[in-house]
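One structure is given here, and the rest of the page talks about it.
The values are calculated or read from the model by the stated rules, or taken from the named source; none is laboratory data. Bear in mind the structure is a predicted one, so any value in this text is a computation, not a measurement. A quick note on method: Cβ atoms are made from the backbone with ideal geometry, for glycine too, and the neighbour counts reach across all protein chains shown. Note: areas computed on protein heavy atoms with side chains; ligands, DNA, RNA excluded. Shrake-Rupley method; radii C 1.70, N 1.55, O 1.52, S 1.80 Å.
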Amino acid sequence: SSDVCSSDLRSFAASGGAVLAECGGLMYLGASLDVDGQDVPMCGVIPYRTRMTPRLTLGYRDATTLRGTLVAPAGASVRGHEFHHSVLTHAPTRPAWTWTAHDGTVTEEGYAHGNVLASYLHLHLGADPALAARFLNACRAVST
């Protein structure tokens, strides 16, 4: 834990609150962020460490969920895009989805466990409004 993260956020996630984080949100929920060799503590809600890079990761993705998440059941198709200048410093644990790039490279990405879904993928909710409905239902389920 660190001063950059509200203890309310950590408590909310630990108590079962529905947490959906994209891109910078994934970085914020992680354990730390390496900026120019300096390790900056983040929230520690998920066991991910990220590092800033000069390289831009950019592109549309057609992904398949690897496990049930706040937005989709296992095996569902989701669409989105990536746009970031950071990378994980390790292999992902509990990845949310997978996709295959045009060159055949298979990527497992994100974090999905219980009530938390965090990913570099910016979901395209217009491509499947059921994703948003499922998230709202998850929020309602924990608030009642």
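The relative contact order of the chain comes to 25 percent, based on Cα pairs under 8 Å that sit 6 or more residues apart. Gly17 sits among other residues whose Cβ lies under 11 Å from its own Cβ, and their net charge, with Lys and Arg +1 and Asp and Glu -1, is 0. When the convex hull of its Cα atoms is viewed from all sides, the range 56-117 shows a mean projected area of 4.3 nm².
Where the accessible area of the range 19-144 is counted over protein heavy atoms with a 1.4 Å probe, how much of it, in %, is carbon and sulfur? If you can, show how the numbers build up before the last one.
On the way: 3710 of 6580 Å².
Solvent-exposed carbon and sulfur of the range 19-144 make up 56 percent of the total.
Computed over neighbours whose Cβ is under 10 Å from that of His113, the net charge equals +2, Lys and Arg +1, Asp and Glu -1.
The phi torsions of the range 47-60, fed into the Karplus equation with coefficients 6.51, -1.76 and 1.60 and a -60° offset, translate into couplings of x, 10, 10, 10, 9, 6, 9, x, 7, 8, 9, 8, x, 7 Hz, rounded to whole numbers, with Gly and Pro shown as x. Hey, what number do you get for the chain at 222 nm if only DSSP H runs of n ≥ 4 count, each worth -39500 (n - 2.57), divided across all residues, to the nearest 500? Here the helix-only value at 222 nm equals -5500 deg cm²/dmol.
Charges only on Cβ, +1 for Lys and Arg, -1 for Asp and Glu: so what's the dipole of the chain about the Cα centre, in debye to the nearest 20? Display every interim value, and only then the final one.
Working: 10 positive and 12 negative charges, 76 e Å.
Approximately 360 debye in magnitude.
Of all DSSP bridge pairs formed entirely within the chain, close to 80 percent run antiparallel. Put simply, the amide H of Ala21, placed in the peptide plane, has neighbours under 5 Å in Leu117, Ala118, Ser119, leaving out anything fewer than 5 places away on its chain. Add +1 for every Lys or Arg and -1 for every Asp or Glu among the other residues with Cβ under 14 Å from the Cβ of Thr93, and state the total. Taking every other residue near Thr93 into account, the sum is +1.
How large is the accessible surface per residue of the chain, computed with a 1.4 Å probe and reported in Å² as a whole number? Before the final figure, lay out the partial values.
Details: 7700 Å² over 144 residues.
Accessible surface, normalised per residue, equals 53 Å².
Label sites at Ala130 and His85, each approximated as a point 7 angstrom past Cα along Cα to Cβ, lie 3.8 nm apart.
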